[in-house]
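Q: Structure incoming, see below.
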Amino acid sequence: MTVRVLEAAGRTAVAWKNGGGVTREIAAWPEGAGTTGFDWRISLAEVEGDGPFSAFPGVDRILTMTEGAGMDLTVGGERRLVDARYVPQDFPGDVATDCRLLGGRVVNFNVMYRRGRTAARVVVARAGMDVTVAPGGTVVIVALEGAASFGGVTLGRYDAVVTGSPGTLSTGGHAAVVTLPAG
């Protein structure tokens, strides 16, 4: 079984241009592609204040709030209340999106993928669930709350594994399973 471990402690915080927060990249393809050349990108975003989201032309997003009271988003002129943790929300990354925090800082698990090049699916496993992972491409597993284990590796909060091998995920809290099909 091939499993690559990506520890949370090794991630660098990158400040947003608008000063509204920071992002810590977990994984991207191709590696080192930055914010403009990726096919897919997975990160944690710490939202510190109200304001617009950055636009990403040709990109779709799946956002899952992991910390905080929530956000009142306006996506393409339509209101979307994000006030439940661990519930994936998908929306286009290239439409105007504005954010108002409901009660201070939030942390979002963010998956972005280039429309037409790839796709992504996010499932959040909950405590006590054993999830069989049968990839047909790349799978990224991130412990969002509590410990999780996959392929003999124990993950602490926000640690991740990247795999192309089947296996079983066990979690004591919540863990995201991101499936990215073979291209």
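All of the numbers you see were taken from the coordinates with simple rules; none came from a lab. Source: prediction; values computed, not measured. Backbone-built Cβ (ideal geometry, glycine too); neighbour counts: all protein chains shown.
Q: Would you point out the residue of segment 11-45, among those that are touching a residue at least 12 places away in the same chain (Cβ under 8 Å) and among the charged types (D, E, K, R), that is surrounded by the most Cβ atoms within 10 Å (Cβ to Cβ)?
A: Step by step, filter segment 11-45, then rank; the result is 41.
Q: Run down 19, 93, 49 and say which single residue is out of contact with any Leu (no Cβ under 8 Å at 6 or more places or on another chain) and over 16 Å from residue 111 (Cα atoms).
A: So the residue among 19, 93, 49 that is out of contact with any Leu (no Cβ under 8 Å at 6 or more places or on another chain) and over 16 Å from residue 111 (Cα atoms) is 19.
Okay, residues lined up against (1) over 25 Å from residue 151 (Cα atoms); (2) in contact with an Asp or Glu (Cβ under 6 Å, 6 or more places away or on another chain); (3) of a type in the set (A, V, I, L, M); (4) in a loop (DSSP other than H, G, I, E, B):
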| residue | (1), (2), (3), (4) |
| --- | --- |
| 41 | no, no, no, no |
| 79 | yes, no, no, no |
| 95 | yes, no, yes, yes |
| 104 | yes, no, no, yes |
| 109 | no, no, no, no |
| 119 | no, no, yes, yes |
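Q: From 161, 107, 111, grab the single residue that is within 18 Å of the chain's Cα centre (by Cα), crowded, with 21+ Cβ neighbours inside 10 Å and within 30 Å of residue 74 (Cβ to Cβ).
A: Numbers: 161 fails: within 30 Å of residue 74 (Cβ to Cβ); 107 fails: crowded, with 21+ Cβ neighbours inside 10 Å.
Checking each option against the conditions leaves just 111.
Q: A further question follows. Taking the conditions exactly as written (of a type outside the set (A, V, I, L, M), under 19 Å from residue 162 (Cα atoms) and assigned to a loop (DSSP other than H, G, I, E, B)), does residue 34 satisfy them or not?
A: For residue 34, the condition - of a type outside the set (A, V, I, L, M), under 19 Å from residue 162 (Cα atoms) and assigned to a loop (DSSP other than H, G, I, E, B) - is met.
Q: On to the next question. Is it true that residue 64 is in contact (Cβ under 8 Å) with a residue 12 or more places away in the chain, closer than 22 Å to residue 163 by Cα, within 17 Å of the chain's Cα centre (by Cα) and outside any loop (DSSP other than H, G, I, E, B)?
A: Answer is yes for this residue.
Q: When segment 135-159 is examined, which residues are found to be outside any strand (DSSP E or B), out of contact with any Ser or Thr (no Cβ under 7 Å at 6 or more places or on another chain) and under 24 Å from residue 38 (Cα atoms)? So that I can check it myself, show each step before the final result.
A: Of all residues in segment 135-159, those outside any strand (DSSP E or B) come to 135-136, 146-147, 151-152, 156-159.
Pick out the ones that are also out of contact with any Ser or Thr (no Cβ under 7 Å at 6 or more places or on another chain) and you get 136, 152, 156-159.
Of everything in segment 135-159, those that are outside any strand (DSSP E or B), out of contact with any Ser or Thr (no Cβ under 7 Å at 6 or more places or on another chain) and under 24 Å from residue 38 (Cα atoms) turn out to be 136, 158, 159.
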